[in-house]
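S.K.: Please read through the structure below; I'll follow up with questions.
The values are calculated or read from the model by the stated rules, or taken from the named source; none is laboratory data. No experiment lies behind these values; they were computed from the predicted model shown. Here the Cβ is made from the backbone with ideal geometry for all residues, glycine too, and neighbour counts use every protein chain on show. Only protein heavy atoms, including side chains, enter the accessible area calculation; ligands, DNA and RNA are left aside. Shrake-Rupley method; radii C 1.70, N 1.55, O 1.52, S 1.80 Å.
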Amino acid sequence: MSNEWKLSESYSYGELEFYNRKDYLCRAPFTGFVIDPVGNLTLCCMANSSSFSYGGGKIYNIEQVESLKEFYNSDEMEYYRRELENKNGDKIDPCRKCFRSEASGLTGGFKYQVNNRGYSKALEGTFDDDWDLREQNIDRDIRWIELTTSNICNATCSTCSSFFSSKWIELDKLFREKKIPGHHSASISRLSDKSLKKIMDILPGLRILELKGGEPFADLNNTKILEELNRVNKSCKVIICSNFYKITPKTMKVLKNLNNMNQLKNLGASIDGVDKEYDWIRSNDFKTTCKTLENFYNETGKTLTINTCVSFWNFFSLDKIVDYFKDKPYVRAISFNNVIGKTQIHSHLHIPLEIRKKQFRYYDRKWRKERLVHYEHLRSHFTKDQKGVFNSRSKKRLFKHMETIDEFRGFKLTDYCPEIKEIYDEYRNRDI
């Protein structure tokens, strides 16, 4: 498995302290933290920004802290390091989410991701040294940051909200008019120039910079950050999660420069379908996105990963994604390891169990010899029978959501996915 490594490798990467505790440590709080779309500083992507707080119930925002490095070395962050070191990860939020997920046989938590060998290589030579500095109570540099500079976006993905997408503000209004719960008023949020400078100040010590959104290529603050990173720190690896709908010439130039310095570690294109199913789920035009992917490859020579968010909306169409992209020269991998959990409305667990199992068996037979396809986390959902969430209340909310997106898009998903149409028709015949 990709997150297993040997003692000799941990020695060469300078992280024996981590290797000796790998069963109960998560690398995240020992290397950095997350800055979310509204500027809140959270432990990792598993923390809910609206409810997560540090000791004493305090929420920290980049606009309020004097220095990101000072916050990273604060008692608030140290609390989580100590709890993990004392093997209490399964007792504290948000860490317990990953520990419980792994205990149930699932592999998709952030702990699983950040503890893998890819991060070891990018962080090479820092973990043990920083551990020693920590024991001496000496401040360390931030080595990893996951950054969202704004909620500025060019899409209204069906699984999103206005917290992550400015384009969703109009759609959220439509949901509220229809009295569909879970949709709140939001506004455009973007880092101020003062906060942007705080980001610039930590760039020299970084080893991994992850850019998310919103849409990273829609906010030119990300281009400014990448320009500065290329100037001050040519050893930092860059990870970008984008919908790749459009990239400006200026941003493309910066990406070319980073790739020439071997700084682009991983670029993921968020593709949740093909043709009209993509248009419905991701809202943008599939052909335009594919042209951008081709142009990016032609300009940089860099291949990328097709990252699919597995949901109710595309569970029956994942093979179409593989068939379309597997032979494209710009694709290095196709990943189905982002699977929406059972507590969310968009989960594939709304599909009856036997239908789900039959569909997965089909995928498993088809993909097991496909070198490019990675679906370990999706597979872990089928190692044991997970209870569905297809009750009367969830069905009503699920299909209200679909009908509202249909109205907003101007066409119906069920016209392009017969399996969903069959489930929808059965729902209507029983409950209407």
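S.K.: For residue 129, work out the one condition from (1) without any contact (Cβ under 8 Å) to a residue 60 or more places away in the chain; (2) surrounded by fewer than 15 Cβ atoms within 10 Å (Cβ to Cβ) it doesn't fulfil.
M.R.: (1)
S.K.: Is there a residue in segment 290-302 that is open to solvent by 10 Å² or more (accessible area, probe 1.4 Å) and either touching a Gly at 6+ places or on another chain (Cβ under 6 Å) or assigned to a loop (DSSP other than H, G, I, E, B) (or both)?
M.R.: yes
S.K.: Among what's in segment 241-269 and is part of a strand (DSSP E or B) and touching a residue at least 60 places away in the same chain (Cβ under 8 Å), pick the residue that is farthest from the chain's Cα centre (by Cα).
M.R.: Ranking the candidates gives 265 first.
S.K.: So for segment 115-125 (the condition being open to solvent by less than 40 Å² (accessible area, probe 1.4 Å), touching a Cys at 6+ places or on another chain (Cβ under 8 Å) and over 20 Å from residue 39 (Cβ atoms)), does at least one residue qualify?
M.R.: Yes, segment 115-125 contains a residue that is open to solvent by less than 40 Å² (accessible area, probe 1.4 Å), touching a Cys at 6+ places or on another chain (Cβ under 8 Å) and over 20 Å from residue 39 (Cβ atoms).
S.K.: Of everything in segment 316-331, what is of a type outside the set (A, V, I, L, M, F, W, C), surrounded by 15 or more Cβ atoms within 10 Å (Cβ to Cβ) and outside any loop (DSSP other than H, G, I, E, B)? Give them in sequence order.
M.R.: Selection gives 317, 320, 324.
S.K.: Can you name the condition, by its number, that residue 373 falls short on among (1) at pLDDT below 90; (2) among the β-branched types (Val, Ile, Thr); (3) over 16 Å from residue 424 (Cβ atoms)?
M.R.: (1) is the only condition that residue 373 fails.
S.K.: Still on this model: Residue 212: of a type in the set (Lys, Arg) and open to solvent by 80 Å² or more (accessible area, probe 1.4 Å), yes or no?
M.R.: no
S.K.: Which residues, counting only those in segment 84-114, are at pLDDT 85 or above, open to solvent by less than 40 Å² (accessible area, probe 1.4 Å) and over 19 Å from the mean Cα position of the chain (by Cα)?
M.R.: 84, 88, 89, 92
S.K.: Something else about it: Does residue 242 satisfy the criteria of being farther than 22 Å from residue 106 by Cβ, open to solvent by less than 10 Å² (accessible area, probe 1.4 Å) and at pLDDT 95 or above?
M.R.: yes
S.K.: OK, next. Restricting to segment 228-254, what's the tally of residues that are β-branched (Val, Ile, Thr) and touching a Leu at 6+ places or on another chain (Cβ under 6 Å)? Write out each step before concluding.
M.R.: At the first step, the residues of segment 228-254 found to be β-branched (Val, Ile, Thr) are 232, 238-240, 247-248, 251, 254.
When the remaining residues are screened for being touching a Leu at 6+ places or on another chain (Cβ under 6 Å), the result is 232, 238, 240, 254.
Within segment 228-254, residues that are β-branched (Val, Ile, Thr) and touching a Leu at 6+ places or on another chain (Cβ under 6 Å) number 4.
S.K.: Now for a different question. Exactly one of these conditions fails for residue 358: (1) free of Cβ contacts under 8 Å to residues at least 24 places away in the same chain; (2) within 30 Å of residue 263 (Cβ to Cβ). Give me its number.
M.R.: With (1) free of Cβ contacts under 8 Å to residues at least 24 places away in the same chain; (2) within 30 Å of residue 263 (Cβ to Cβ) applied to residue 358, the lone miss is (2).
S.K.: If the requirement is being in contact (Cβ under 8 Å) with a residue 40 or more places away in the chain and either touching a strand residue (DSSP E or B) at 6+ places or on another chain (Cβ under 7 Å) or in a helix (DSSP H, G or I) (or both), which of these qualifies: 334, 345?
M.R.: Exactly one of 334, 345 is in contact (Cβ under 8 Å) with a residue 40 or more places away in the chain and either touching a strand residue (DSSP E or B) at 6+ places or on another chain (Cβ under 7 Å) or in a helix (DSSP H, G or I) (or both), namely 334.
S.K.: In segment 186-204, how many residues are surrounded by 18 or more Cβ atoms within 10 Å (Cβ to Cβ) and in a helix (DSSP H, G or I)?
M.R.: Summing the residues that are surrounded by 18 or more Cβ atoms within 10 Å (Cβ to Cβ) and in a helix (DSSP H, G or I) in segment 186-204 gives 5.
S.K.: Has segment 224-234 got at least one residue that is touching a residue at least 40 places away in the same chain (Cβ under 8 Å) and either closer than 27 Å to residue 374 by Cα or buried (at least 21 other Cβ atoms within 10 Å of the Cβ) (or both)?
M.R.: Within segment 224-234, one or more residues are touching a residue at least 40 places away in the same chain (Cβ under 8 Å) and either closer than 27 Å to residue 374 by Cα or buried (at least 21 other Cβ atoms within 10 Å of the Cβ) (or both).
S.K.: Now, a different point. Looking only at segment 358-378, which residues are farther than 24 Å from residue 158 by Cα and either assigned to a helix (DSSP H, G or I) or open to solvent by 60 Å² or more (accessible area, probe 1.4 Å) (or both)?
M.R.: Of everything in segment 358-378, those that are farther than 24 Å from residue 158 by Cα and either assigned to a helix (DSSP H, G or I) or open to solvent by 60 Å² or more (accessible area, probe 1.4 Å) (or both) turn out to be 358, 361, 362, 364, 365, 366, 367, 368, 369, 371, 376.
S.K.: Please list, ordered by first then second residue, the pairs with beta carbon atoms under 6 Å, 6 or more apart or interchain, first in segment 40-61 and in a loop (DSSP other than H, G, I, E, B), second open to solvent by 20 Å² or more (accessible area, probe 1.4 Å) and modelled with pLDDT under 80.
M.R.: So the pair list comes out as 59/53.
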